[in-house]
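The values are calculated or read from the model by the stated rules, or taken from the named source; none is laboratory data. All values reported here derive from a predicted model rather than from experimental measurement. Cβ: placed from backbone, ideal geometry, glycine included. Neighbour counts: every protein chain shown.
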Amino acid sequence: MKTRSLLSCLAACLALGSTNAFAEPAQGDEMERARCGSIIDLFVSADPAVNQDEQALAAAQDRTYVFLMWAHGYLSGRDGIDFVRRPLNQDGITALVGEIYAVCKNDEARLFLDAVKEIR
């Protein structure tokens, strides 16, 4: 269920660039403290099939967007910008969610930043 939700949330929540002006953005210290378990929960709460509360959904989607854009930027900086390998579109972001989930699913206490560093 979580895997399907994680991947399906992207279609609706990441219409790339759509943000909610009322949502609280993720802060730098939150990024540094975030654990895999909380990121997985955030991804699930950003799925419109799971979260029916319109304001909570928009906030979760915005927070998800921040974490995914950070991860995409980190990986592009580390590995070089390669829009074939890591496109910045719905397919690429959906793949990134899957990569994050694959690293995080068995170690929910792991720091999100450390999990992203493991993605190849």
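Checked against the criterion of being touching a Lys or Arg at 6+ places or on another chain (Cβ under 7 Å), surrounded by 13 or more Cβ atoms within 10 Å (Cβ to Cβ) and modelled with pLDDT of 95 or more, segment 46-62 has no qualifying residue.
Looking only at residues in segment 63-87 that are of a type in the set (Lys, Arg) and farther than 14 Å from GLY98 by Cα, which one is surrounded by the most Cβ atoms within 10 Å (Cβ to Cβ)?
Just the residues of segment 63-87 that are of a type in the set (Lys, Arg), to begin with: 63, 78, 85-86.
Filter again for farther than 14 Å from GLY98 by Cα, leaving 63, 78, 85.
Working: ARG63: 23, ARG78: 10, ARG85: 12.
The residue in question is ARG63.
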